[in-house]
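The values are calculated or read from the model by the stated rules, or taken from the named source; none is laboratory data. This is a predicted model, so every value here is computed, not measured. Don't worry about glycine lacking a Cβ; one is built from the backbone with ideal geometry, like all the others, and counts go over all protein chains shown. Keep in mind that these areas ignore ligands, DNA and RNA; they rest on the heavy atoms of the full protein, side chains included. Shrake-Rupley method; radii C 1.70, N 1.55, O 1.52, S 1.80 Å.
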Amino acid sequence: MPRHADSLLSLTDFNGAPLADDLVWQSFHTLMDRHGYVLMSRVPETFDPVAFSKRLGDFVPQYTGVLVGDVRPEPGMDEFYHAGNTKPLYPHSEGYDFEGLPPRYLALWCETPNTGAGGETTLADAHAWTATLAEDDRAFLRERIWTWETTDAMRHLGLDLHPEHPVIEDHPDGTIVRYSFNNLVREDDERIGPLLDGAKAYFEREHIAIQYERRDMLVFDNWRMLHARNAFTDTGRHLRRIQIAQRVTA
Ligand SMILES: [Fe+2]
């Protein structure tokens, strides 16, 4: 039987009747498997994004060490390529600069939407992009190991990582695509440039854009989806952010 009284999610259907948590989770995973992301619009005040995220897996600390991060313009960060300002971000997967596995999911929810234009989170399916490539290009992205680097903002903050990974990695729990247009070290490799350009062009063509309202929550599969951000002007924009690890099944 559904447990309404202690429902973790406190969600209701279109008639205002409580929705059983099991049904919500089933819908969530069905949508996630099909589309690679789920947008929950205007969740109720009683909905707890942190508790919801906890059901998906363990949290991966942010660079600053906190488990639940803030994404908003920060003083002194304007000159850097960094989420903590109002500038656009190139398409990327989160955690390409981690030594180990990148987070499986990224959860973003809106505390304060921006007024004016811009500020959308944009998303496109990197698995669909790799499916458009020639077989030998896919093999190249699986077999060749590149060095990746942290953003200049992170180096400025004292974190300088240089992990080595392929772009496509097969993992028992799914195929991981790591991607950064600007932080994969291209060295003298002439073949990678056009592939990175191609992914960016694919992203620009195929992305969806999410303009947040207050209490919108976006969760996406970070092994599959690339994300980016459009520039904005309202410095009051405030999102919160959780990185969630893959639950290891083995
Ligand atoms: Fe990101």
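Remarks
- Separation of segment 126-184 and segment 218-250, taken as the distance between their Cα centroids, equals 17 angstrom.
- Largest to smallest in accessible area, the residues L161, L195 fall in the order L161, L195 (1.4 Å probe, all protein chains included).
- The apolar share of the surface of the chain, taken as the fraction of accessible area on carbon and sulfur atoms (1.4 Å probe, ligands and nucleic acids excluded), comes to 52 percent.
- Around E164: net Lys/Arg minus Asp/Glu count, Cβ-Cβ under 15 Å: -4
- Largest to smallest accessible area among H29, H227, H162, H156 [probe 1.4 Å]: H156, H162, H29, H227
- Local net charge near G118, Cβ-Cβ under 14 Å (Lys/Arg +1, Asp/Glu -1): +1
- Ordering of 59-67, 207-215 by packing [mean C-beta count within 10 Å, highest first]: 207-215, 59-67
- Between the residues A124, Y81, F28, the greatest Cα displacement towards the positive end of the dipole of segment 21-244, with unit charges on the Cβ of Lys, Arg, Asp and Glu, is found for F28.
- Cα→Cβ-extended label distance, 7 Å offset, between T115 and Q26, nm: 4.4
- Nearest-20 debye value, the chain charge dipole, Cβ charges on Lys, Arg, Asp, Glu: 680
- Using a Förster distance of 45 Å, the FRET efficiency for Y63-E206 (Cβ separation, nearest 0.05): 0.95
- Residue list for segment 103-122, given a label point 7 angstrom along the Cα-to-Cβ vector of D70 and an amide N cut-off under 16 Å: 109-114
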